[in-house]
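Remarks on the structure that follows.
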Amino acid sequence: MKSHGFFITLEGIDGTGKSTQLRRLVRHLRKQGYTVRATREPGGTPVGEKVRAILMGEKEELSALAELALFYAARAPHVEKVIRPALARGELVVSDRFNDCSFVYQGYARGLGSRTVRLLDRAICGPTQPDLTLVLDLDPRVALERALGRDSGSGTSRFEAAGIEFQRRARAGYLALARREPHRVWVIDAGRSAKEVEADIGRVVDEVLGASRQLSVVSRQFSVRRS
Ligand code: TMP
């Protein structure tokens, strides 16, 4: 199904301040009159949130394949019930993580390889792929400190507990992705103040949306709805 909205995802290793930046980006876009659907992964639907609770709460070590299957089990209703319908209505969808995370975390950092991930991705996401992906990039040591600090009351998640080496591989995976797809994937330096990062994200998104809107005048492929 060809959608007419615009799909933005925020990615990055743990502790880069992604969720804060997502809230600020959504506010920025709504101020401009866009109809925005903010969502997150794993999660985004009642079933997705249950799968999230399993994944984040599970103490037992899961294989990369078992993890991948769970992430896509959560992603399927998210794509079908939330993302595709919103895009079909011409809305702007902004998701805190999406399928790139599976390619980077399970496929690359956990060593599963991209073929298995791609197989599931074709079946479950199909043509529903991000139009713009912002990777918040940060030194894993700083990111991990932030993540551990944030979680100190409730204990660290199994993902954050995976440690610095894992986060290093994930960072390398995201940077490789940005090199492979420079038109879609933008790297944002997250080692600055939240305000500076916010301003940078705002500039990139405005520029890309502006360019897409100009293109749509010619191709009539794209029209983000303003309320
Ligand atoms: P978050 O609250 O930071 O988004 O935490 C979600 C964790 O799940 C994070 O460590 C990344 C991990 N994850 C994967 O490993 N694969 C995936 O496909 C997704 C969506 C998340």
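The values are calculated or read from the model by the stated rules, or taken from the named source; none is laboratory data. What you see is a predicted model, and the numbers here were worked out from it, not measured in a lab. FYI the Cβ positions are ideal-geometry reconstructions off the backbone, even for glycines, and counts take in every protein chain you see. Calculation scope for accessible area: heavy atoms of the full protein, side chains included, ligands and nucleic acids excluded. Shrake-Rupley method; radii C 1.70, N 1.55, O 1.52, S 1.80 Å.
Does residue 111 satisfy being on the phi > 0 side of the Ramachandran plot and out of contact with any strand residue (DSSP E or B) (no Cβ under 7 Å at 6 or more places or on another chain)?
Working: on the phi > 0 side of the Ramachandran plot: yes; out of contact with any strand residue (DSSP E or B) (no Cβ under 7 Å at 6 or more places or on another chain): yes.
Against the criterion (on the phi > 0 side of the Ramachandran plot and out of contact with any strand residue (DSSP E or B) (no Cβ under 7 Å at 6 or more places or on another chain)), residue 111 qualifies.
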- Task: Only residues that are open to solvent by 70 Å² or more (accessible area, probe 1.4 Å), over 28 Å from residue 4 (Cβ atoms) and assigned to a loop (DSSP other than H, G, I, E, B): list them for region 101-154, please.
- Result: 110, 152, 153, 154
- Note on the structure: Over region 3-30, the set of residues outside any helix (DSSP H, G or I) and out of contact with any Ser or Thr (no Cβ under 9 Å at 6 or more places or on another chain) is 12, 13, 15, 16, 17
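Kindly indicate which of 74, 86 is at pLDDT 95 or above and closer than 30 Å to residue 141 by Cβ.
It is 74.
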- Task: Taking the residues in region 165-206 that are of a type in the set (Lys, Arg) and in contact (Cβ under 8 Å) with a residue 24 or more places away in the chain as candidates, determine which candidate is nearest to residue 140 (Cα to Cα).
- Result: 168
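If you scan region 2-17, which residues turn out to be of a type in the set (A, V, I, L, M, F, W, C) and surrounded by fewer than 22 Cβ atoms within 10 Å (Cβ to Cβ)?
Quick first cut of region 2-17, residues of a type in the set (A, V, I, L, M, F, W, C) only: 6-8, 10, 13.
If the condition is that a residue be of a type in the set (A, V, I, L, M, F, W, C) and surrounded by fewer than 22 Cβ atoms within 10 Å (Cβ to Cβ), then no residue fits.
Restricting to region 66-91, and then to whatever is of a type in the set (Lys, Arg) and more than 16 Å from the ligand (Cβ to nearest atom), can you tell me which residue is least open to solvent (accessible area, probe 1.4 Å)? Give the derivation first.
Restricting attention to region 66-91, the residues satisfying the condition of being of a type in the set (Lys, Arg) are 75, 81, 84, 89.
Okay, now just the ones that are also more than 16 Å from the ligand (Cβ to nearest atom), so 81, 84, 89.
Details: 81: 146, 84: 56, 89: 122 Å².
Going through the qualifying residues, I end up with 84.
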- Item | Condition check for residue 80: under 29 Å from residue 161 (Cβ atoms) and among the acidic types (Asp, Glu) | no
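Scan region 18-52 for residues that are within 14 Å of the ligand (Cβ to nearest atom), open to solvent by less than 30 Å² (accessible area, probe 1.4 Å) and over 26 Å from residue 112 (Cα atoms) and report the count. Outline the logic, then answer.
Keep residues of region 18-52 that are within 14 Å of the ligand (Cβ to nearest atom), which gives 18-23, 38-45, 48-49, 51-52.
When the remaining residues are screened for being open to solvent by less than 30 Å² (accessible area, probe 1.4 Å), the result is 18, 21-22, 39, 41-45, 48, 51.
Subsequent filtering for residues that are over 26 Å from residue 112 (Cα atoms) retains 21-22, 39, 45.
The total comes to 4.
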- Which of the residues that make up region 97-128 are more than 14 Å from the ligand (Cβ to nearest atom) and within 16 Å of the chain's Cα centre (by Cα)? 128
- Message: Within region 53-65, take every residue that is within 12 Å of the ligand (Cβ to nearest atom) and not small (Gly, Ala, Ser) and give me the one that is most open to solvent (accessible area, probe 1.4 Å).
- Response: 54
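May I ask you to say which residue of 206, 189, 200 is surrounded by 14 or more Cβ atoms within 10 Å (Cβ to Cβ) and modelled with pLDDT of 95 or more? Quick ask: steps written out before the conclusion?
Values: 206 fails: surrounded by 14 or more Cβ atoms within 10 Å (Cβ to Cβ); 189 fails: surrounded by 14 or more Cβ atoms within 10 Å (Cβ to Cβ).
None of the other options fit; the residue is 200.
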